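Rule-based calculations on the coordinates, nothing more; no lab input. This one's a predicted model, so the numbers in the text were calculated from it and none came from an experiment. All Cβ positions, even for glycine, are placed from backbone atoms using ideal geometry, and neighbour counts span all protein chains on display.
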Amino acid sequence: MDYENILCDFNEGVTTITINRPSKLNALNKVTIKELHEAFKEADKDDDTKVIIITGSGEKAFVAGADISEFADYSVSQGERLAAQGQALLFDFVAHLGTPVIAAVNGFALGGGLELAMSAHFRIASDNAKMGLPEVSLGVIPGYGGTQRLPQLVGKGRAMEMIMTAGMVSAEDALSYGLVNHVVSQEELLPLAQKIAGKIKKNSSVAVAAAINSVNAGFEDGENGFDTEITEFGKCFGTADFKEGTQAFLEKRKPEFPGK
Ligand code: COA
């Protein structure tokens, strides 16, 4: 599929989605959000894609936020709809995908950019990356899940400080906060994402999806993560991947998971 603002590349079980509006620091306008939805949906449906990497083009930005020029004159109801539609189409959508999503944060990840990175299942960053939720400096608040996901990742106090000051943290600080898992040079960023993806894709994709669902369940209102874990654990016993994984162990060979 041809996209205006994103690039998709498939290589050895990994689909890399690159947001490609470098002249606007990859800011998320409506078209880009829709295209990202389609690209994530396609990659998730594709049996050959075991891991998705999301990154930004150019050396400066992952994503410098939602496109401010699009919502500057919005009304209250339009503002509410913007947040609701964005969350449904992209941010919640990504967080709940069964295919693991790694955000490779290659520069500024601000506002909607950091919210997108936080929707991914985990994040790695290049050493020039800067992250923050600057919305209150524009008279608005994070609307794509930032007020919920940032405290989950870094704790309430740090999240409150980052949101209220509208400041940016360095990649090193983000690492010490637990906001990103690894920091490397910009050249090493995508190779590291591929390397981690390589480890994930050796495992049962069905079990990985069940694990994502169980971990997410602990953060959902009205869901008991322990109960979800029990159900997902039980379901694994009915899969061909489980039969293959246990059989391969007993036969002292590497498993070849059918992904079912
Ligand atoms: N929405 C729309 N356009 C954006 C944007 C955004 N969130 N972030 C950057 N851009 C555009 C700029 O308007 C500029 O476009 P132009 O060349 O047509 O004028 C271009 O991207 C380059 O940005 P510029 O501000 O010139 O780069 P810089 O290196 O001086 O500053 C930032 C980089 C990231 C500090 C600055 O762009 C910024 O503060 N962006 C907004 C961040 C933000 O508040 N995001 C949250 C939105 S809710």
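Values for this structure:
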read-out	value
Cα centroid of segment 144-181 to Cα centroid of segment 187-215, whole Å	23
Set LYS41/LYS252; LYS45/LYS235; LYS34/LYS60; LYS34/LYS201 screened for pairs whose C-alpha atoms are more than 30 Å apart	LYS41/LYS252
Other-chain or far-sequence residues with amide H under 5 Å of GLY145's (modelled H)	none
For segment 6-201, share of DSSP beta bridges that run antiparallel, in % to the nearest 5	30
Convex hull volume per residue for segment 205-250, taking Cα atoms only, in Å³	62
Per-residue HN-Hα couplings for segment 122-131 [Karplus 6.51, -1.76, 1.60; θ = phi - 60°; Hz; x = Gly/Pro]	7, 10, 10, 9, 8, 5, 8, 5, 9, 10
Fully extended contour minus Cα-Cα distance, from LYS45 to PHE122, at 0.36 nm per residue	25.7 nm
Coordinate range along principal axes, alpha carbons of segment 136-260, Å, largest first	59, 42, 20
Segment 205-250: relative contact order in percent, alpha carbon pairs under 8 Å with at least 6 residues between	34
Distance between modelled label sites at GLN85 and LYS156, nm, 7 Å Cα→Cβ extension	3.4
Kyte-Doolittle mean at least -1.0, axial Cα span of 20 Å or more - DSSP H helices of the chain	30-45, 186-201
For segment 1-147, projected area of the alpha-carbon convex hull averaged over all directions, nm²	8.3
Residues CYS236, CYS8 arranged by fewest to most Cβ contacts within 10 Å	CYS236, CYS8
Neighbour-count ranking [beta-carbon atoms within 10 angstrom, fewest first] of LYS24, LYS252, LYS156	LYS252, LYS156, LYS24
Least to most buried among ARG123, ARG81 (fewest other Cβ within 10 Å first)	ARG81, ARG123
10 Å-binned pair-distance histogram of the chain (Cα, whole percent)	7, 30, 35, 20, 7, 1, 0
Pairwise label distance in nanometres, ASN11 with SER137, each label 7 Å out on the Cα-Cβ vector	3.4
